[in-house]
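Written out below as structure tokens is the structure these notes cover.
The values are calculated or read from the model by the stated rules, or taken from the named source; none is laboratory data. Owing to the predicted nature of the structure, the values given are computational and were not obtained by experimental measurement. Please note: Cβ atoms are built from the backbone with ideal geometry, for glycine as well, and neighbour counts cover all protein chains shown.
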Amino acid sequence: MSTPSAAARGPAVGTVREITLAQAIREALAEEMRRDPRVFLLGEDVAEAGTPFKVLSGLVDEFGPQRVIDTPISEAGFVGIAVGAAMTGMRPVVDIMFGDFLTLAMDQIVNQAAKVHYMSGGKLKVPLVIRTTLGATRRSAAQHSQSLHAWFAHIPGLKVAVPSTPYDAKGLLKTAIRDDNPVLFFEDKMMYQVKGPVPEEEYTIPFGVADVKRPGRDVTLVATSSMVYVALEAAELLEQDGISAEVVDPRTIFPLDVETLVRSARKTGRVVVVDEGHRRYGVTAELAATIAEEAFYDLEAPVRRVGALDVPVPFSPVLEDQTVPTPEQVASVARELCGRN
Amino acid sequence: MHTPVTVNQAELPEEVQDLSAVDWLRMYRLMATIRAFEEQVNELYLSRRMPGLAHLYIGEEAVAVGVCEALRPEDTITSTHRGHGHCLAKGARVDRMFCELLGKAEGYCRGKGGSMHIADPESGNLGANAIVGGSAGIATGAALSAKLRGTDQVSVCFFGEGALGQGLLYEVMNMASLWKLPVVYVCENNLYNEYTHYRETTAGDILARPRAFGIPAEEVDGQDVRQVLAAARRAVARARRGDGPSFLLCNTYRYFGHHVGDVDRSYYRSREEEETWKAQRDPLKLLRGWMTAAGLASPEEFEAAERAAREEVAQGVAYALQAPYPDPSEVTQHVYA
Ligand SMILES: Cc1ncc(C[n+]2csc(CCOP(=O)(O)OP(=O)(O)O)c2C)c(N)n1
Ligand SMILES: [Mg+2]
């Protein structure tokens, strides 16, 4: 996995260190838990084990088992409990070990958390963060590899963050914890060891603000989560062909920074949208439609989409690797758009 | 069917012996308010002045009133699709309830919730829920929250026996017991999951289910407000002491259909069964009979209470009928906090 170019880095204020995405997540949680006693963590193997991905290691030592709570394997139950705690003055951060297991908690997320504020006419609120994973290529097969973030972006009342860099992950998670709404926070499980610059100083990143990870002139690659790295590698390939690609990372798919996407589309006139969810009815469809509606007269060609193959994620590496967008695939679609195939 | 008993003259349970005639009359009045409210809802619905769905609580009043009498204002409840009684018993106002049922701006949820979603945090009501069993997590989470915040608030989860079919309930009872959370699970067994007798849907011994998690569970005559209150006080005291959750199985009966349109009920229950419950097991009659026999109130006092309840309901509905609807622009408000 390549690292983002200089443009993808955070502002160089004060001391900047290279840390992993897992460390960035852990720092965000620790800082918010120090700042606000209402913040607590809940999930399977979150305490001493620090989750299978070790993202939460050490937090229980600082904050104790009252604030880093190991639960039974009851996703619906502990998400529901977190909703109730959020409605009554706490700010829970729930860990769902694999994004695939969100299905077990769908009623609590979609019918309860997302609806409470609206149904109560604004009287109740649910300041809840659900951290979970997306992403394939870990050879984990169909029930541990899905990217289900589109489902939640479909539901009014929910917000959905899909960070790609340690810098973005830390700043967005802090914002998510301070937000008064339920936020689904998706981390690509293959990115936890990705390193990137993160300032020592405290910062937050607002939701709904896209980030141009690499500026370019000829084609826009809109990419989410780990697909940002795929797009950046595609941009390198395209550069060899003399095509200048701009990589735009929405960072949150709801709220969505339509303005930045459309500005880039107007500038380049050609757009490829890349996301690791299934292509059909997915994030790529929504982003492509939005760009087409808003920038139609400035487009030189139809917006193209690259998503995960519409099959359950298979185990065998030979099969699985075909299901996820690759830099070559993205570059090839971009070349076609530019009439250079 | 449970064995019909007429007026229970037995000794008052120890937990409620401190209550005076004034207290019992207040509970009688509250039950009468709920009944009059629901009769008015029925009327509104049948006269097509109320949109949507309505599930009436008539026949079950002693459960909500007995349980909520054991609570403090800052304690919380979650309710169900059959929730009007819970909301009123926890302290909601009749006029604002009607406003919500009619989709008016002054409703508890500004008309966005309706009959099945009334929430009133000011009276400790975290909301009725139209997903059967859906609030078990919320109620248990409110109890975890109370514990983490270091208050001695207690959380009550009302649900029908139909919710015994939902896995969520067992997940959260497990955690409530593990973590000794201050929550009381109140199962209102009115014998029917919609149009199906609960014995066709519920295997084994209901009380054995919470007990398997180490949760004390007891069966309560849900038509006798004295027994409900006594059991609720035991459970609430245990929760407030920090000793953990309890489970109350309240046997009760709904007099009307599952919802207002459920008129032909002959395929799932007999008219005779309905008449027996109304004649022999009515919560208002039982309380009145006992209070009269014990010399706690005169016929005039009961009639005055009933009249006051009817007047409150008449005024409330009149107010709501003329109250304004929300501005159409409110449709996009409150999606996000
Ligand atoms: C999850 C879910 N499934 C089905 C329904 C449809 N439904 C509404 S009420 C009801 C029966 C509920 O029975 P019970 O819990 O005993 O409550 P009661 O109506 O008897 O008070 C059903 C099946 C629903 N609202 N939610
Ligand atoms: Mg029932």
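Residues in segment A:141-155 that are of a type in the set (Gly, Ala, Ser) and within 15 Å of the chain's Cα centre (by Cα): 4 in all. Considering segment B:137-152, and only residues there that are over 21 Å from the mean Cα position of the chain (by Cα) and among the polar types (S, T, N, Q), the residue that is nearest to the other protein chains (Cβ to nearest Cβ) turns out to be B:Ser145. Restricting segment B:121-179 to residues that are over 17 Å from B:His86 (Cβ atoms) and among the charged types (D, E, K, R), the residue that is nearest to ligand 2 (Cβ to nearest atom) is B:Glu171.
Taking the criterion of being surrounded by fewer than 22 Cβ atoms within 10 Å (Cβ to Cβ), outside any strand (DSSP E or B) and not assigned by TED's automatic domain parsing to the domain that holds A:Ala161, would at least one residue in segment A:221-233 satisfy it? Within segment A:221-233, one or more residues are surrounded by fewer than 22 Cβ atoms within 10 Å (Cβ to Cβ), outside any strand (DSSP E or B) and not assigned by TED's automatic domain parsing to the domain that holds A:Ala161. Looking across segment A:68-106, the residues that are more than 8 Å from chain B (Cβ to nearest Cβ), in a helix (DSSP H, G or I), surrounded by 21 or more Cβ atoms within 10 Å (Cβ to Cβ) and among the hydrophobic types (A, V, I, L, M, F, W, C) come down to A:Leu102, A:Ala105. Within segment B:267-281, can one find any residue that is within 14 Å of chain A (Cβ to nearest Cβ), within 16 Å of ligand 1 (Cβ to nearest atom), at pLDDT 95 or above and within 22 Å of the chain's Cα centre (by Cα)? Within segment B:267-281 (the criterion being within 14 Å of chain A (Cβ to nearest Cβ), within 16 Å of ligand 1 (Cβ to nearest atom), at pLDDT 95 or above and within 22 Å of the chain's Cα centre (by Cα)), the answer is no, since none of the residues qualifies.
State whether one or more residues within segment A:38-59 are modelled with pLDDT of 95 or more, assigned to a helix (DSSP H, G or I), within 12 Å of chain B (Cβ to nearest Cβ) and surrounded by 23 or more Cβ atoms within 10 Å (Cβ to Cβ). Looking through segment A:38-59, none of the residues is modelled with pLDDT of 95 or more, assigned to a helix (DSSP H, G or I), within 12 Å of chain B (Cβ to nearest Cβ) and surrounded by 23 or more Cβ atoms within 10 Å (Cβ to Cβ). Residues in segment B:176-217 that are part of a loop (DSSP other than H, G, I, E, B), farther than 17 Å from B:Phe247 by Cα and not polar (S, T, N, Q) were compared, and the one that is nearest to ligand 1 (Cβ to nearest atom) is B:Glu194. The set of residues in segment B:118-136 being among the hydrophobic types (A, V, I, L, M, F, W, C), at the interface with chain A (Cβ under 7 Å from one of its Cβ atoms) and part of a loop (DSSP other than H, G, I, E, B) consists of B:Ala119, B:Leu126, B:Ile131. Candidates are the residues of segment B:90-117 that are of a type in the set (A, V, I, L, M), assigned to a loop (DSSP other than H, G, I, E, B) and in contact with a helix residue (DSSP H, G or I) (Cβ under 7 Å, 6 or more places away or on another chain); the one that is farthest from the other protein chains (Cβ to nearest Cβ) is B:Leu102.
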